[in-house]
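To keep things clear, I will list the structure first and then write my remarks on it.
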Amino acid sequence: MRAFVFSGGANRGSLQAGATLALLEAGITPDIVVGSSVGSINSAVLACNPSLEGVLQIAERWKTIRPEEIFPGNNAVAMWRLLRGHGSLHDNHALRRFILSLLPPGTRRFADLAVPLFVTATRFRTGEMHLFGHDPQERIIDALMASCAVPPYLPPYQYRDELYLDGGFVSNLPISAAVELGATEIWALEIGVDAAAMPTGGVFGTLARSVETLMRLQMHRERELVRLMQKTGVVVHHIQMLHYSGMDVRNFSHSPALMALGYASAQTYLAERRQLPTESTPAEISVRSKVSVALRTTMATQSNLARLRTDSVRSLWQRRRAVPMGLPKGLWVRRRVVPVPVDEP
């Protein structure tokens, strides 16, 4: 069974749109799709229509996307939200409208999709992974909103009795989820990060660098998973794209260029793959057993890293909710300047 796995990558999601276009042009199509964070949006659109037509739809949308379609309001409104004690710089209503605009009429639940879709999200309370898609009656919008709830830009998403954070916190490249679902061939489209390009100054620069350090550790573990899985006979095609690391997540001006770079990256991988020898045969049973143990150990370490990241974000979010930036009580009430939208319940 062939799986397409889409990593997180915020505003650089157009890289995956370009890479997916190259794969489908080469006749490579998925049996299932698994996505995290912005990759969940790309994977959902592909699951609706796993054809060139479907990929071109999201590709064209990435070319024209504007920041306010995901992150409404200017910097003044964002700062005012923090002063008022909101847990994020922006509300999530615009993101909901954007996602719904991508789903075809009549496609609202997982049961409506052309190919199975699975989406990762992080349980806010425990830091554990939740995988949407097992229940065909669940709404696609709930899964994508939960998986894209990236702090501090968007608030945690409430689904039923649980709050959820961005799926990238627990599994930014959910290869292990694809294997557990039965995939034997994986095309992993990773939007990687160049550490040297990450911001270092200011509060948000420090926060971004801290979270990114933990993310790199997790990605290192996930690359270990790739190597281990290949020893068990699972074929993993890993296409990593590092372009435009470090730019503000609300900057979408480079989307057309990123899409072209993603397309070129996949084409380069396919060209190099044609020159490689045929994959080796699966390992012996005794070797596979040892690898399975190592695989479980690596996945456990990855889960611990995810909980550490979630604990850091949860602590910061709860402090923001408790005391609005340390201002005296009543000050932010008396100096109301800009109306603030109410967060989605």
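General observations
- Between Ile28 and Met247, the simple label model (points 7 Å from Cα in the Cβ direction) yields a spacing of 2.5 nm.
- Computing FRET efficiency as 1/(1 + (r/R0)^6) for Gln240 and Glu53, where r is the C-beta to C-beta distance and R0 is 30 Å, gives about 0.65.
- Centre-to-centre, using Cα atoms only, the range 91-141 and the range 28-52 are separated by 12 Å.
- The range 61-170: chymotrypsin sites (Phe, Trp or Tyr not before Pro) in DSSP coil with no more than 10 other Cβ atoms inside 10 Å: none
- Protein accessible area in the range 149-188, 1.4 Å probe - carbon and sulfur %: 44 percent
- Rolling a 1.4 Å probe over the heavy atoms of the protein chains gives the range 51-129 an accessible area of 44 Å² per residue.
- Taking a Cβ cut-off of under 13 Å around Ser14, the surrounding Lys, Arg, Asp and Glu residues balance to a net charge of +2, with basic ones at +1 and acidic ones at -1.
- Label-point gap, in nm, between Ala111 and Glu180 - each point 7 angstrom along Cα→Cβ: 2.5 nm
- Ranked by the mean number of other Cβ atoms within 10 Å of their residues, highest first, the peptides 139-147, 262-270 fall in the order 139-147, 262-270.
- Each label was represented as a point 7 Å from its Cα along the Cα-to-Cβ direction; for Leu83 and Asp135 these points are 4.1 nm apart.
- Rg to Rh, two decimals, where the range 52-163 supplies the alpha carbon set and Rh follows Kirkwood: 1.00
The values are calculated or read from the model by the stated rules, or taken from the named source; none is laboratory data. Being a predicted model, the structure only gives us computed values, none of them experimental. Methodologically, a virtual Cβ is constructed for each residue, glycine included, from the backbone with ideal geometry; neighbour enumeration extends over all protein chains shown. For the accessible areas, the whole protein counts, side chains as well, though only heavy atoms, and no ligand, DNA or RNA atoms are used. Shrake-Rupley method; radii C 1.70, N 1.55, O 1.52, S 1.80 Å.
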